[in-house]
Amino acid sequence: NTVAASVAGLSGNPVTFTATGTAGAASQLTMGTQPGGSVSGVALTTQPVVEIRDANGNLTTSTLAVTAVIFTGSGTIAGTATVNAVNGVATFTDLQVDGFGAVTLRFTATGVSAVTSASFTVTQVPASLVIQTQPAGATASVAFTTQPVVHILDNAGLIITSGAGATAQVTVTVETGAGAVSGTTTVTAANGVATFTDLVLSLAGAHTLKFSIASPALSVISASFMVN
């Protein structure tokens, strides 16, 4: 519809009206930007933006503190989880989720209704290897009495239980000391845990072992132990 009007000799058809006014009291949170692009232990590539609106959906000038928590899914939230809004907009900058799988975030602020993000997926990527059980109790040409156990960790320091890293192949070689290691020297991890069972060193003396995966290229060296 159009409106014809004239004021003090000025006329127009149609006439454009510009409404001015002030938003009502803060009443609800809405999502301005959905979170996404999540790798466990790494800041989200798309950081969430939350808006504080009145009951009619108008953006307010509120400076309320907005807090993010995990609503559904596993893991913990890290980074700056509480942000003060500026002119009704709370912009997060370094949120990360330490965990894996499908996750939603819940955003809350005092005195207004909360909002829940769309679901997004957190993936795990191998970032380091750690030796959970050090090799020990070695006699030349006899399987160690204490066989090594290696964990594959993500950027958050969690054992990788999802994705290709959870079943990565871990290979052992001699790092220092005489001779070569034998037995089952390459083990496929199960849920990020590689358990060796029959490693043998043929020559006596002090040794260290190196455990590695190919993709990404990661390794860790054992503590020194004696082969009797």
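Descriptive notes on the structure:
- Number of residues in the stretch 128-171 that are assigned to a strand (DSSP E or B) and either within 29 Å of the chain's Cα centre (by Cα) or under 16 Å from Asp98 (Cα atoms) (or both): the value is 15.
- Count of the stretch 136-166 residues which are of a type in the set (Val, Ile, Thr) and open to solvent by less than 20 Å² (accessible area, probe 1.4 Å): 3
- The strands (runs of 3 or more DSSP E) found entirely in the stretch 57-125 that carry 1 or more residues being under 26 Å from Gly192 (Cβ atoms) are 65-72, 76-78, 96-98, 101-108, 120-123.
- A Cβ distance below 9 Å, combined with a sequence gap of six or more or placement on separate chains, defines the contacts here; from the stretch 184-211, residues that are farther than 24 Å from Asp154 by Cα and touching a residue at least 24 places away in the same chain (Cβ under 8 Å) reach residues that are of a type in the set (D, E, K, R) and surrounded by 13 or more Cβ atoms within 10 Å (Cβ to Cβ) in the pairs His207/Glu175; Thr208/Glu175.
- Annotation: of all residues in the stretch 198-217 being in contact with a Ser or Thr (Cβ under 6 Å, 6 or more places away or on another chain) and either in a strand (DSSP E or B) or of a type in the set (Phe, Trp, Tyr) (or both), the one that is most open to solvent (accessible area, probe 1.4 Å) is Lys210.
- Sole residue being modelled with pLDDT under 95, hydroxyl-bearing (Ser, Thr, Tyr) and closer than 30 Å to Gly157 by Cα, chosen from Ser74, Ser40: Ser74
- Boolean, Thr133 is open to solvent by less than 60 Å² (accessible area, probe 1.4 Å), without any contact (Cβ under 8 Å) to a residue 24 or more places away in the chain and polar (S, T, N, Q): yes
- Filtering the stretch 80-126 to residues that are in contact with a helix residue (DSSP H, G or I) (Cβ under 9 Å, 6 or more places away or on another chain) and surrounded by fewer than 17 Cβ atoms within 10 Å (Cβ to Cβ) leaves only Val125.
- Subset of the stretch 187-197 that is in a strand (DSSP E or B) and open to solvent by 60 Å² or more (accessible area, probe 1.4 Å) - its residue that is nearest to Gln134 (Cα to Cα): Thr195
The values are calculated or read from the model by the stated rules, or taken from the named source; none is laboratory data. Keep in mind that what you see is a predicted model, and the values were worked out from it rather than measured. Here the Cβ is made from the backbone with ideal geometry for all residues, glycine too, and neighbour counts use every protein chain on show. Just so you know, the surface numbers come from the protein's heavy atoms only, side chains and all, with ligands and any DNA or RNA stripped out. Shrake-Rupley method; radii C 1.70, N 1.55, O 1.52, S 1.80 Å.
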